[in-house]
1. Just checking, does the range 19-29 include any residue being touching a Leu at 6+ places or on another chain (Cβ under 9 Å) and either crowded, with 18+ Cβ neighbours inside 10 Å or not β-branched (Val, Ile, Thr) (or both)?
2. Pairs needed: first member in the range 122-144, at positive phi; second member anywhere, open to solvent by 40 Å² or more (accessible area, probe 1.4 Å) and outside any strand (DSSP E or B); C-beta distance under 7 Å; at least 6 residues apart or different chains.
3. Looking for something part of a helix (DSSP H, G or I) and either touching a residue at least 24 places away in the same chain (Cβ under 8 Å) or of a type in the set (Gly, Ala, Ser) (or both) - is there at least one such residue anywhere in the range 145-153?
4. Could you say which residue among Pro34, Pro85, Pro74 is in contact with a helix residue (DSSP H, G or I) (Cβ under 9 Å, 6 or more places away or on another chain), over 16 Å from Met157 (Cα atoms) and assigned to a helix (DSSP H, G or I)?
5. Here is a list of conditions, (1) basic (Lys, Arg); (2) free of Cβ contacts under 8 Å to residues at least 12 places away in the same chain; (3) more than 23 Å from Pro119 (Cα to Cα), and Arg55 meets all of them except one; can you say which number that is?
6. Name the residues in the range 72-86 that are touching an Asp or Glu at 6+ places or on another chain (Cβ under 7 Å) and surrounded by fewer than 19 Cβ atoms within 10 Å (Cβ to Cβ), would you?
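The values are calculated or read from the model by the stated rules, or taken from the named source; none is laboratory data. Source: prediction; values computed, not measured. All Cβ positions, even for glycine, are placed from backbone atoms using ideal geometry, and neighbour counts span all protein chains on display. To get the accessible areas, we keep the full protein, side chains included, count just its heavy atoms, and leave off ligands, DNA and RNA. Shrake-Rupley method; radii C 1.70, N 1.55, O 1.52, S 1.80 Å.
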Amino acid sequence: MTSTAESVRELLLSRIRDVADYPKPGVMFKDITPLLADPAAFTALTDTLAELCVRHGATKVVGLEARGFILAAPVAVRAGMGFVPVRKAGKLPGATLSQSYELEYGSAEIEIHAEDLDPADRIMVIDDVLATGGTAEASLELIRRAGARVAGVAVLMELGFLAGRARLEPRLDGAPLEALITV
């Protein structure tokens, strides 16, 4: 890692607050709101993610609900690309593609407007955290079903102990999975 990349990583990490026992006892929540409130840190994050989009040949950015929207929308603007939200089921008007996926205790469903993607698109998926990889994996399926290709997945933080990378990498077909911070 270059000294610039390392200094950005240190800046970002210094602005992520640990909140013990949230949302339930035994969980150490990683709160990114202090990072978002710091214009220097938020700009560094946006610039870094935008550079990854350009480097990997993305044409559009997909943000995963909900914190992924906060990160992906300014990245798309900075990189000069369109932004496409992946939402929880029932939140998008009009025709959608939907994908169900399994959670630890149950299942969930996400949707995308299929007309927002086309076969010429290369999509960078952006989210705040990669945990178990279920939502990201479902988004990759939606992107492919819409006819687009995956340029990669980029996250602010990867929770390595939850093995989301192992779940996603086989589904990336060689596209990169970039985590700015791994804990």
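1. Scanning the range 19-29, I find no residue that is touching a Leu at 6+ places or on another chain (Cβ under 9 Å) and either crowded, with 18+ Cβ neighbours inside 10 Å or not β-branched (Val, Ile, Thr) (or both), so the answer is no.
2. Between residues of the range 122-144 that are at positive phi and residues that are open to solvent by 40 Å² or more (accessible area, probe 1.4 Å) and outside any strand (DSSP E or B), the close pairs are Gly133/Arg167.
3. Yes, the range 145-153 contains a residue that is part of a helix (DSSP H, G or I) and either touching a residue at least 24 places away in the same chain (Cβ under 8 Å) or of a type in the set (Gly, Ala, Ser) (or both).
4. On the way: Pro34 fails: over 16 Å from Met157 (Cα atoms); Pro85 fails: assigned to a helix (DSSP H, G or I).
Only one candidate qualifies: Pro74.
5. All conditions are met except number (3).
6. Arg78, the sole residue that qualifies.
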